[in-house]
Amino acid sequence: MARPVKKLLVANRSEIAIRVFRSAHELGIRTVAIYAHEDRFALHRFKADESYLVGRPGEPIRSYLDIAGIVALAKEHGVDAIHPGYGFLSESAYLAEVCEACHITFIGPDPNVIRLMGDKARARRVMKKAGVPILPGSDGPIDSEEKALKLAKDIGYPVIVKATAGGGGRGMRVVRAPGELVQALKTAQREAEAAFGVGDVYIEKYVESPRHIEFQILGDKFGNVVHLGERECSIQRRHQKLIEESPSPALT
């Protein structure tokens with residue numbers, strides 16, 4: 001039986017944290033905000049029942065990524081659960097593991113799921129095994145230029161080189177001819193290493209002018225699963241979404 005949440009810490013800031021606080025207050029849950037020194041006058045700090053400084057002055061981003069500091073605050077102030085919001089630590093399997101070890105509920109996926117879905121090459125294999133249609137591509141990270149050239153030839157150009165980690169359009173290169181592939185691989189690997197700390201990339205078939213539509217799935221520990229409708233994310237620049245529209249005008 002899951003323990004009821006009586007006090008919730010949101011490991012995030014600004015509008016993201018405020019929205020979670022509002023929902024928590026409606027459920028009768030006491031809320032805790034964290035704030036970097038630079039955010040000491042930010043609105044989210046005053047929308048929670050309690051608020052505490054985290055990190056050091058001059059490092060606002062690192063303050064919200066300080067897992068040890070955040071969890072220590074949670075333990076000190078009797079927090080039952082941590083909500084990561086989105087961005088920052090929302091895809092940190094390590095935070096989820098630390099919460100589990102400290103008997104704090106992590107409001108998000110199981111650490112193993114976060115780790116699995118954070119690696120796109122591994123996620124492709126899992127989806128394929130589950131019978132979900134996927135684009136033709138490599139079964140894992142590309143480990144040689146020779147294999148990359150052969151795979152791209154088998155798939156047929158254009159192809160796209162993608163970082164296995166992260167997102168936001170970084171570590172991605174579209175390749176339309178064999179002569180472009182090796183340079184694209186090296187560039188994507190450098191970008192991925194700089195952005196995510198992991199230089200692994202994979203290759204898949206590139207789809208021209210696609211519709212990018214996402215479905216958000218929410219499930220709990222008791223087997224209840226629901227989808228929250230779809231979002232149209234096709235308007236992009238450099239593979240980064242600019243507008244998300246729900247419902248999608250393309251679907252009936």
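The values are calculated or read from the model by the stated rules, or taken from the named source; none is laboratory data. Note that the structure is a prediction, hence the values are computed from the model and not measured. Heads up, the Cβs are rebuilt from the backbone with ideal geometry, glycines too, and the neighbour counts pull from every protein chain shown. Surface areas here come from the heavy atoms of the whole protein model, side chains and all, with no ligands, DNA or RNA. Shrake-Rupley method; radii C 1.70, N 1.55, O 1.52, S 1.80 Å.
None of Phe215, Phe222 is out of contact with any Leu (no Cβ under 6 Å at 6 or more places or on another chain), surrounded by fewer than 18 Cβ atoms within 10 Å (Cβ to Cβ) and in a loop (DSSP other than H, G, I, E, B) except Phe222.
Only residues that are open to solvent by less than 70 Å² (accessible area, probe 1.4 Å), in contact with a helix residue (DSSP H, G or I) (Cβ under 9 Å, 6 or more places away or on another chain) and assigned to a helix (DSSP H, G or I): list them for region 115-133, please.
Hits for region 115-133 are Leu116, Gly118, Ala123, Val126.
Just name the residue that is surrounded by the fewest Cβ atoms within 10 Å (Cβ to Cβ) out of those in region 78-97 that are within 9 Å of the chain's Cα centre (by Cα) and among the hydrophobic types (A, V, I, L, M, F, W, C).
As a first pass, look at region 78-97 and keep what is within 9 Å of the chain's Cα centre (by Cα): 86-92.
This time we only want the ones that are among the hydrophobic types (A, V, I, L, M, F, W, C), so: 88-89.
On the way: Phe88: 17, Leu89: 21.
Among those residues, the one meeting the criterion is Phe88.
Condition first: open to solvent by less than 50 Å² (accessible area, probe 1.4 Å) and among the acidic types (Asp, Glu). Can you find one or more residues in region 134-149 that meet it? Steps first, answer last, please.
Kept after step one, since they are open to solvent by less than 50 Å² (accessible area, probe 1.4 Å), are these residues of region 134-149: 137-138, 140, 142, 144, 148.
So of that shortlist, the ones also among the acidic types (Asp, Glu) come out as none.
The answer is no; no qualifying residue exists.
Please state which of the following conditions Arg173 fails to meet, knowing it meets all the rest: (1) open to solvent by 60 Å² or more (accessible area, probe 1.4 Å); (2) in contact with a strand residue (DSSP E or B) (Cβ under 7 Å, 6 or more places away or on another chain); (3) farther than 21 Å from Arg124 by Cα. So the condition that Arg173 fails would be (3).
Table: residues versus (1) open to solvent by less than 20 Å² (accessible area, probe 1.4 Å); (2) among the hydrophobic types (A, V, I, L, M, F, W, C); (3) closer than 12 Å to His83 by Cβ.
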site: Pro4; (1), (2), (3): no, no, no
site: Leu8; (1), (2), (3): yes, yes, yes
site: Ser14; (1), (2), (3): no, no, no
site: Arg19; (1), (2), (3): no, no, yes
site: Thr31; (1), (2), (3): yes, no, yes
site: Ala48; (1), (2), (3): yes, yes, yes
site: Tyr52; (1), (2), (3): no, no, no
site: Arg56; (1), (2), (3): no, no, no
site: Glu59; (1), (2), (3): no, no, no
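The numbered conditions (1) modelled with pLDDT of 95 or more; (2) surrounded by 14 or more Cβ atoms within 10 Å (Cβ to Cβ); (3) not in a loop (DSSP other than H, G, I, E, B) are all true for Lys75 except (2). Within region 47-65, the set of residues being farther than 21 Å from Ile18 by Cβ and part of a loop (DSSP other than H, G, I, E, B) comprises Arg56, Pro57, Gly58, Glu59. The C-beta contact set for region 219-234 (first residue closer than 21 Å to Ser248 by Cα, second residue among the hydroxyl-bearing types (Ser, Thr, Tyr) and open to solvent by 70 Å² or more (accessible area, probe 1.4 Å), distance under 8 angstrom, 6+ apart or interchain) comprises Gly229/Ser246; Glu230/Ser246; Arg231/Ser246; Glu232/Ser246. Among the residues of region 136-156, those identified as in contact (Cβ under 8 Å) with a residue 40 or more places away in the chain and assigned to a loop (DSSP other than H, G, I, E, B) are Pro136, Ser138, Gly140, Pro141, Ile142, Gly156.
Taking the criterion of being over 13 Å from the mean Cα position of the chain (by Cα) and part of a loop (DSSP other than H, G, I, E, B), the residues of region 100-114 that qualify are Cys102, His103, Ile104, Ile107, Asp110.
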